[in-house]
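To keep things clear, I will list the structure first and then write my remarks on it.
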Amino acid sequence: YIDFTGMIEQALLKVPMMDGISAFLVDEAQDLSRLEMALVRQWGQHCEIFVIVGDPYQNLYEFRGSDADAFYEGEAADTRVLAESYRCPTTVRDTALAWIEGCHERTPVEYRPRKGEPGSVTQTNFSIRDVESILELVEQNDDTMILASCGYMLEPIKHALRDAGIP
């Protein structure tokens, strides 16, 4: 028997390159482990086009071994930063950056917010059982994003929003 990590280890040792592949693009690379990133870089060095895309600030899978710092390791022939968000308003961006800076040491990059309204951030102490309170907040604010640490936590409010006819 072999687990997922074992499969990556075996590929790293026994599959030095992917035959017939000239372009290799890896998206969401911040969610790769160091072992997975080593395999990606090993395969990528044999391709005419090799692109790694990701945002270390959005590393979501540390619980399974992803390491956003691996994103920066190795040589980068051409690094580009998409410096402007077309979704994130100023207040949300400022709140997110303040939180990120308190949690992790990261390479700073320019990150301009969406132009227009500054947006707002409301932190609550709601739990997944407070569906009525969350629904009331959403009904009072027509442009709302609800964040939770795990997808299953959103199921009760998703059902309530659907029942209320709110997309």
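Restricting the range 157-167 to residues that are part of a helix (DSSP H, G or I) and open to solvent by 50 Å² or more (accessible area, probe 1.4 Å) leaves a set whose member that is farthest from Thr91 (Cα to Cα) is Asp163. Name every residue in the range 58-74 that is of a type outside the set (S, T, N, Q) and buried (at least 18 other Cβ atoms within 10 Å of the Cβ), in order of residue number. Within the range 58-74, Asp67, Ala68, Ala70, Phe71 qualify. Being β-branched (Val, Ile, Thr) and touching a helix residue (DSSP H, G or I) at 6+ places or on another chain (Cβ under 9 Å) is a description that does not apply to Thr90. Could you please find all residues in the range 120-140 being open to solvent by less than 100 Å² (accessible area, probe 1.4 Å), free of Cβ contacts under 8 Å to residues at least 12 places away in the same chain and either touching a helix residue (DSSP H, G or I) at 6+ places or on another chain (Cβ under 7 Å) or more than 23 Å from Phe63 (Cβ to Cβ) (or both)? The answer is Phe126, Asp130, Ser133.
Restricting attention to the range 11-25, the residues being in contact with a Leu (Cβ under 9 Å, 6 or more places away or on another chain) and part of a loop (DSSP other than H, G, I, E, B) number 1. Restricted to the range 1-34, and to residues there that are in contact with an Asp or Glu (Cβ under 7 Å, 6 or more places away or on another chain) and not charged (D, E, K, R), the residue that is nearest to Ser66 (Cα to Cα) is Ser33.
For Ile146, the stated conditions do not hold, so it cannot be described as open to solvent by less than 70 Å² (accessible area, probe 1.4 Å), part of a loop (DSSP other than H, G, I, E, B) and more than 22 Å from Leu60 (Cβ to Cβ). Among the numbered conditions (1) loosely packed, with under 13 Cβ neighbours inside 10 Å; (2) under 30 Å from Thr5 (Cα atoms); (3) in contact (Cβ under 8 Å) with a residue 12 or more places away in the chain, the only one that Val51 does not meet is (1). Is there a residue being closer than 22 Å to Arg41 by Cβ, of a type in the set (D, E, K, R) and either part of a helix (DSSP H, G or I) or open to solvent by 70 Å² or more (accessible area, probe 1.4 Å) (or both) anywhere in the range 92-114? No, the conditions are met nowhere in the range 92-114. Hey, any hits in the range 48-59 for a residue that's under 23 Å from Pro16 (Cβ atoms) and assigned to a helix (DSSP H, G or I)? Within the range 48-59 (the criterion being under 23 Å from Pro16 (Cβ atoms) and assigned to a helix (DSSP H, G or I)), the answer is no, since none of the residues qualifies.
The values are calculated or read from the model by the stated rules, or taken from the named source; none is laboratory data. In this text, all values refer to a predicted model and were calculated from it rather than measured experimentally. Here Cβ is always computed from backbone atoms with ideal geometry, including for glycine, and neighbour counts include all displayed protein chains. Side chains are part of the model used for accessible areas, which takes the heavy atoms of the whole protein and leaves out ligands, DNA and RNA. Shrake-Rupley method; radii C 1.70, N 1.55, O 1.52, S 1.80 Å.
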